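What follows is one structure encoded as structure tokens, with my remarks underneath.
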Amino acid sequence: MIHDIAMYLVHTIGALGYFGIFALMFLESTFFPFPSEVIIIPAGYLAFQGNMDLSLIILIGTLGSVAGAVFNYYFAIFFGRKFLLRYGKYFFVSPQTLDKLEQFFTNHGELSTFNGRLIPGIRQLISLPAGLARMNMTKFVIYSALGAGIWVVVLALIGYFIGSNQELVSYYLKNATMIALGGVALISSIYIYKHKKTRHTS
């Protein structure tokens, strides 16, 4: 069954093409709980087969993710905190979630838009406190692109390098989140350690 699901995702992404990757990554980066794993990993596998270009997958996947982040940024500016507190639950953003996002942004500063892109549960919504704080747009786009780019690269390479063994595609699609998050956890731990060390020495 897992194999059938994996092949279905591969065929679906192949049919949608690069525009589909952009659109789905845009949605994944806004309020929709749509996992990027089921978009980029099959695309990476298609690149291994020669049906798509790996560099374009990474570029377009990152651009889609950043576009979704910018949407959330301006959404927060336009509607404001009161709106999010009152109606955010309809967009999967509870008051408790918004408080945690704002606390994370406060603790880690503007770099949280980079680091937050690598942390599950925060990745899609870290743009909201950045918008509420009216973070510099240039810095926001750069940090968001770096964080999203790392995530997309990890997923695309998983899809690409297991492409030589079709049986592994279904296996890694099932376990991709844990594999990708292993690298993410390492990056996040290094960042947090350096952040605390800098704060103690200053």
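Taken together, the values in this text are just the output of simple stated rules run on the coordinates, not laboratory data. Given the structure is predicted, the values throughout are model-derived calculations rather than measurements. So basically every Cβ, Gly included, is an ideal-geometry build from the backbone, and we count neighbours across all protein chains shown.
For every other residue with a beta carbon closer than 15 angstrom to the beta carbon of Ala43, add +1 if it is Lys or Arg and -1 if Asp or Glu, then tell me the sum. Show your work: numbers first, answer last.
Values: positive: none; negative: Glu28, Glu37, Asp53.
Taking every Cβ under 15 Å from that of Ala43, the sum is -3.
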Report task. Quick one: grab the alpha carbon gyration tensor of the stretch 13-123, order the square roots of its eigenvalues as a ≥ b ≥ c, and give me rounded if a/c is under 1.5, else prolate or oblate depending on whether a/b is larger than b/c. Result -> prolate
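Which net charge results when you count Lys and Arg as +1 and Asp and Glu as -1 among the other residues whose beta-carbon is under 11 Å from that of Ser29?
Numbers: positive: Arg117, Arg123; negative: Glu28.
Combined, the nearby Lys, Arg, Asp and Glu give +1.
Once you list every other residue whose beta carbon is under 10 Å from the beta carbon of Gly147, what net charge do they have if Lys and Arg are +1 and Asp and Glu are -1? If you can, show how the numbers build up before the last one.
Values: positive: Arg117, Arg123; negative: none.
Cβ neighbours under 10 Å give a net charge of +2.
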Requested in this report: Ratio to report: Rg/Rh of the stretch 76-153, with Cα atoms as the point set and Rh obtained by the Kirkwood method; give two decimals.
Outcome: 0.96
